Amino acid sequence: MFLRMGDAVIYAYGVSLPGTHHIKNNVVCQDSYKIIICDDNTAMAVVADGLGSVANADIGSRLAATMSADYCREHIDSNTAADKVLDIIKGAFSAALESIERVSIEKGNHLESYDTTLTLAVLMQDTLFYGHSGDGGIIALTSTGRYEQVTKQQRDCEGRVFPLFFSEKWEFAQYDEKVSSVFLATDGMLEAFFPIYIKNAPVNIHVSLAQYFMDNRILCIDKVGQEAVQERISSFMENIPHEQVNDDKTVVALINTAVKTKRQPKEYYQEPDWAELKKIHNEAWKKEAYPGLT
């Protein structure tokens, strides 16, 4: 869902597609998103991922995304002081949870059937504020030209997600670097940017993929328009092989075209030797799993 409230130098796109596993099993897409561009300097975006393929997960994610974004729209504009923004985002998370609790009571359903993640970003000029719950996440393109992982996935030691109802796990912060582009994704797409083969590399994000989704030198969103970019990104995501991503796929990006980014050295943008990295990873795994083998 996308809502424009005025002319802006901040542009945006959002795409949400059902995963191949859900398509095969005739399950609706359980991801949701919402984007609001308030004015030239202020925008907000939200992604939410209903968990567990349960009956009400799509409702939970839709309530979380809509209620949190609308709460921020009501309380934030370009004149809102920075020290107030995080308090408002906290209020947005509480409002989202309260709306889900209210619906579960009204419908007589277990609260857990509405399990959802929630990740929210507010971009004010070149400053990012965010709230985070669950295993989605945020990537930022900083003014230095680097792509940085802003949030960490929230899972327990057995890989189970901490959903929105674990309020003690909520994270709120102002990002400490200036940004030109902010990217939000649910876990299926987010993990594509962090292949295991480069987990311990100096650059542990798939830079060329991040460029395709976030860099306006490639997007040209201010020239070709938001709808054209959205269609291009949607087509790309539809053709991602099942073996790479089988979960629901949701991404949102906010791009402030007035903020210019520097370029990193050319080596930063080079595509890794995936075959060699896979070989190194597999050899290291064998040594760890079977230490007696030579």
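The values are calculated or read from the model by the stated rules, or taken from the named source; none is laboratory data. Computed from a predicted model, the values in this text were never measured in an experiment. Heads up, the Cβs are rebuilt from the backbone with ideal geometry, glycines too, and the neighbour counts pull from every protein chain shown.
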Next item on the list: Would you mind telling me which numbered condition in (1) within 15 Å of residue 121 (Cα to Cα); (2) of a type outside the set (Gly, Ala, Ser); (3) in contact with a Ser or Thr (Cβ under 9 Å, 6 or more places away or on another chain); (4) surrounded by fewer than 22 Cβ atoms within 10 Å (Cβ to Cβ) residue 46 fails?
Entry: (4)
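Is it true that residue 66 is on the phi < 0 side of the Ramachandran plot, outside any helix (DSSP H, G or I) and either surrounded by fewer than 21 Cβ atoms within 10 Å (Cβ to Cβ) or of a type outside the set (A, V, I, L, M, F, W, C) (or both)? Outline the logic, then answer.
Values: on the phi < 0 side of the Ramachandran plot: yes; outside any helix (DSSP H, G or I): no; either surrounded by fewer than 21 Cβ atoms within 10 Å (Cβ to Cβ) or of a type outside the set (A, V, I, L, M, F, W, C) (or both): yes.
Judged against the criteria, residue 66 is not a match.
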Item checked: So residue 199, is it among the basic types (Lys, Arg) and within 23 Å of residue 127 (Cα to Cα) -> no
Note to self: Take residue 177 and tell me if it is surrounded by fewer than 24 Cβ atoms within 10 Å (Cβ to Cβ), charged (D, E, K, R) and closer than 17 Å to residue 247 by Cβ.
What the structure shows: no
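Just to be sure before I move on: is residue 96 assigned to a helix (DSSP H, G or I) and closer than 28 Å to residue 212 by Cβ in the structure I sent? Give the steps one after another, and end with the answer.
Values: assigned to a helix (DSSP H, G or I): yes; closer than 28 Å to residue 212 by Cβ: no.
No; evaluated as a whole, the condition is false for this residue.
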Note to self: As an exercise: evaluate residue 106 against (1) without any contact (Cβ under 8 Å) to a residue 12 or more places away in the chain; (2) surrounded by 15 or more Cβ atoms within 10 Å (Cβ to Cβ) and give the number of the one condition it does not meet.
What the structure shows: (2)
Item checked: Output for segment 99-133, where each listed residue is touching a helix residue (DSSP H, G or I) at 6+ places or on another chain (Cβ under 8 Å) and under 28 Å from residue 81 (Cβ atoms) -> 99, 118, 120, 122, 124, 127, 129, 130, 131, 133
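Condition test on residue 127, is it touching an Asp or Glu at 6+ places or on another chain (Cβ under 8 Å) and in contact (Cβ under 8 Å) with a residue 24 or more places away in the chain?
Numbers: touching an Asp or Glu at 6+ places or on another chain (Cβ under 8 Å): no; in contact (Cβ under 8 Å) with a residue 24 or more places away in the chain: yes.
In short, no.
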Check: Out of all the residues in segment 257-283, which are surrounded by 11 or more Cβ atoms within 10 Å (Cβ to Cβ) and either in contact with a Cys (Cβ under 6 Å, 6 or more places away or on another chain) or not in a helix (DSSP H, G or I) (or both)?
Finding: 257, 258, 259, 260, 261, 264, 270, 272, 273
Checklist line | Count of segment 78-93 residues which are without any contact (Cβ under 8 Å) to a residue 40 or more places away in the chain and in a helix (DSSP H, G or I) | finding: 6
Notebook entry, point to check: Could you give every pair whose Cβ atoms fall below 6 Å, whose first residue belongs to segment 233-256 and is in contact (Cβ under 8 Å) with a residue 40 or more places away in the chain, and whose second residue is in a loop (DSSP other than H, G, I, E, B), counting only separations of at least 6 or pairs across chains?
Noted result: 246/19; 247/19; 248/18; 248/19; 248/29; 248/30; 250/186
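Going by what's in this entry, would residue 158 be described as assigned to a strand (DSSP E or B), among the charged types (D, E, K, R) and either on the phi < 0 side of the Ramachandran plot or in contact (Cβ under 8 Å) with a residue 60 or more places away in the chain (or both)?
Working: assigned to a strand (DSSP E or B): no; among the charged types (D, E, K, R): yes; either on the phi < 0 side of the Ramachandran plot or in contact (Cβ under 8 Å) with a residue 60 or more places away in the chain (or both): yes.
So residue 158 fails the test.
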Notebook entry, point to check: Only one of (1) out of contact with any helix residue (DSSP H, G or I) (no Cβ under 7 Å at 6 or more places or on another chain); (2) surrounded by 12 or more Cβ atoms within 10 Å (Cβ to Cβ); (3) charged (D, E, K, R) fails for residue 247. Which number is that?
Noted result: (1)
Note to self: Give me the residue from segment 202-255 that is touching a strand residue (DSSP E or B) at 6+ places or on another chain (Cβ under 8 Å) and hydroxyl-bearing (Ser, Thr, Tyr) and, out of that set, nearest to residue 128 (Cα to Cα).
What the structure shows: 250
Item checked: Failed criterion for residue 205 (all others in (1) over 28 Å from residue 115 (Cα atoms); (2) at pLDDT 95 or above; (3) over 18 Å from the mean Cα position of the chain (by Cα) hold) -> (3)
Margin query: Regarding segment 89-103, can at least one residue be identified that is modelled with pLDDT of 95 or more, farther than 13 Å from residue 119 by Cα, β-branched (Val, Ile, Thr) and buried (at least 17 other Cβ atoms within 10 Å of the Cβ)?
Written below: yes
